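Undergrad: Quick one: this structure, given as structure tokens, is what I'll be asking you about.
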Amino acid sequence: MRHAGGNASSPVLWQDMVVLLTGPGKNVMLVALDKRTGATIWSHRLAAAQSKDESQTLGSWATPIIFHNDDRDELIVPLPGALAALNPVTGHE
């Protein structure tokens, strides 16, 4: 995948998966992989952070974090002007 300036976020290890943030650029997404097999568990496009063309630098170079919110975990992703919060099990916002 081509990304504006390349990737800079670090992988996030959580339970039996590794979560990767791709971007910035025209294809900003999160991908969760099984840490043993590498099989894709889920993927989620972050449409609000997509660049319109290669000259834009939308997206994030930041590393997502797992936030323990009362009785559930949330995957928090810093984006331009907003935070995205996803269920790390399903990848749904």
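The values are calculated or read from the model by the stated rules, or taken from the named source; none is laboratory data. Since this is a predicted model, take the numbers as computed values, not measurements. Reconstructed Cβ throughout: ideal geometry from the backbone, glycine too, with neighbour counts over all protein chains shown. Please note that ligands, DNA and RNA were not included when accessible areas were found on the heavy atoms of the full protein model with its side chains. Shrake-Rupley method; radii C 1.70, N 1.55, O 1.52, S 1.80 Å.
Undergrad: Please go through region 12-31 and pick out each residue that is surrounded by 21 or more Cβ atoms within 10 Å (Cβ to Cβ) and not hydrophobic (A, V, I, L, M, F, W, C).
TA: Passing the criteria: Gly23, Pro24, Gly25.
Undergrad: Something else about it: Restricting to region 73-84, give me the number of residues that are part of a strand (DSSP E or B) and modelled with pLDDT under 95.
TA: Summing the residues that are part of a strand (DSSP E or B) and modelled with pLDDT under 95 in region 73-84 gives 6.
Undergrad: Report, ordered by the first and then the second residue, all pairs with beta carbons closer than 7 Å, sequence separation of six or more or different chains, a first member in region 78-93 that is under 18 Å from Thr22 (Cβ atoms), and a second member that is open to solvent by 90 Å² or more (accessible area, probe 1.4 Å) and among the charged types (D, E, K, R).
TA: Ala84/Glu93; Leu86/Glu93
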